[in-house]
Amino acid sequence: MLLAIDTSAGTSVAVVDRDGGILSQVDVADTMRHAEVIGSLITDALAEARIRPHELSGVVSGMGPGPFTGLRVGISAARTFAFALGRPLVPIASHDAVAWQHYASGATGGLLVVTDARRREVFWSAYSGADADGLPQRTDGPALAKPDAVPFLELPRIDAATIPAGGLGMVAELAFAAGQPFAADEPLYLRSPDVTPSNGPKRVTR
């Protein structure tokens, strides 16, 4: 069983099992309250699934793309929870969760997943379908673009307000079962944060 956490758009937490599927999922669409709600959502997801933390085999983290401030809350929470339990952290690209949910419903063919990047920009990923293991096949992205410059407009499109953590967890379960690699353990910010550290100490003048 896996605990899955994503804060790349709203905040979503789920508990999943490869055989049992999505056992619980709780979401908050507000993109400004990740830090305030993440703790209670983890508690609620575990309680709804009737799972104790020690029963988990790992923690899944959505790695984005997402805005810097929101995305790092979920990644930090997932890493801290995994470390405290002595369980592995499993990194998954966030858009893959939306694509998995789409194909798990029986859809086929291409797909464009889009999420809000703020600053009048969007993040996007393109998919060709699901493979024999049920995993979405990303053909391009994740990438950042102005809304009117997003490619693949001929594809069916999903504009996701939140990333379903249940889908994130199922991608991890299916990838592990199939022996397929996980995403890189690096956040997909795709642009620099609003605030950057200075190159050195400030000069003091009198």
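FYI, it's all coordinate maths here, none of it is from the lab. Computed from a predicted model, the values in this text were never measured in an experiment. Ideal geometry is used to build each Cβ from the backbone, glycine not excepted, and the neighbour counts take in all protein chains shown.
Take every pair of alpha-carbon atoms less than 8 Å apart whose residues are at least six positions apart; their mean separation over the length of segment 1-144 yields a relative contact order of 20 percent.
Its relative contact order, with pairs defined as Cα atoms under 8 Å and 6+ residues apart, puts segment 79-171 at 33 percent. Computed over the chain, the per-residue total of -39500 (n - 2.57) for DSSP H runs of n ≥ 4 gives a 222 nm mean residue ellipticity of -9500 deg cm²/dmol, rounded to 500. Result for the chain in a Gaussian network model with C-alpha springs under 10 Å: among Pro53, Pro65, Pro147, the largest mean-square fluctuation is at Pro147. Provide Thr80, Thr162 in ascending order of the number of other Cβ atoms located within 10 Å of each residue's Cβ, fewest first. Ordered from fewest to most neighbouring Cβ atoms within 10 Å, Thr80, Thr162 come out as Thr80, Thr162. Averaging the sequence gap over all C-alpha pairs within less than 8 Å and six or more residues apart, then dividing by the number of residues, gives segment 45-92 a relative contact order of 46 percent.
Under the convention that each Lys and Arg Cβ holds +1 and each Asp and Glu Cβ holds -1, the size of the dipole of segment 1-94 around its Cα centre is about 300 debye.
Rank-order 14-25, 67-78 by packing density, defined as the average count of other C-beta atoms within 10 Å over each peptide's residues, highest first. Show your work: numbers first, answer last.
On the way: 14-25: 18.2, 67-78: 21.4.
Ranked by mean Cβ neighbours within 10 Å, highest first: 67-78, 14-25.
Each Lys or Arg adds one and each Asp or Glu takes one away; over the other residues whose Cβ falls under 10 Å from the Cβ of Ser24, this sums to -1. The charge dipole of the chain, taken about its Cα centre with unit charges on the Cβ of Lys, Arg, Asp and Glu (plus for the first two, minus for the last two), comes to roughly 1060 debye. Between the labelled values (i) 9, 37, 34, 14, 4, 2, 0; (ii) 7, 24, 21, 21, 19, 7, 1, 0; (iii) 10, 39, 38, 13, 1, the entry that holds P(r) over Cα pairs in 10 Å bins from 0, in percent as derived from this structure is (i).
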